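What follows is a short report on a single structure.
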Amino acid sequence: MEWDEFDQVVFEKNPGNLPAGYDDYSEPKELIGKVRTRDGKEYAGRIVYDLDEALDFEIISGYQEDIQYEIPLRNIKTITPNGSCCSKITLKTGTLLIWKRNAISLRIMMGCWSG
């Protein structure tokens, strides 16, 4: 979150569960999933966003109501078009974000294709 996008920070005593260190994170995994086209065709396999985000720890960025979000792909359940201007990002927690289309590339390559 950018500095000018929040009102205040309240620091509290740590309840004992310190922030995770590098060793607490799982090994990166390839993105595997399904893509459904507008005409109903479905493709399954390895997913690569924007030509270079292929692992679950990588981050995509987008804006909702002038607040910039940076979210690891491992925390996203689905990304779907929302009309011609936006994308719906559903997080694994159930939180729904609506991002402006230019915030996320819709170019997707499937590893199951050969070419």
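A few remarks follow.
- Among the strands (runs of 3 or more DSSP E) confined to the range 42-83, the ones with at least 2 residues that are of a type outside the set (Val, Ile, Thr) and within 15 Å of Trp99 (Cα to Cα) are located at 59-64, 67-72, 76-82.
- Residue list for the range 53-78, filter: out of contact with any helix residue (DSSP H, G or I) (no Cβ under 8 Å at 6 or more places or on another chain) and more than 17 Å from Val35 (Cα to Cα): Gln64, Glu65, Tyr69, Glu70, Ile71, Pro72, Asn75
- Residues that are over 19 Å from the mean Cα position of the chain (by Cα) and modelled with pLDDT of 70 or more, drawn from the range 17-53: Asp23, Thr37, Arg38, Asp39, Gly40, Lys41, Glu42, Tyr43
The values are calculated or read from the model by the stated rules, or taken from the named source; none is laboratory data. A quick note: this is a predicted structure, and the numbers were derived from the prediction, not measured. Using ideal geometry, Cβ is built from the backbone for each residue, glycine included, and neighbour counts are taken over all protein chains shown.
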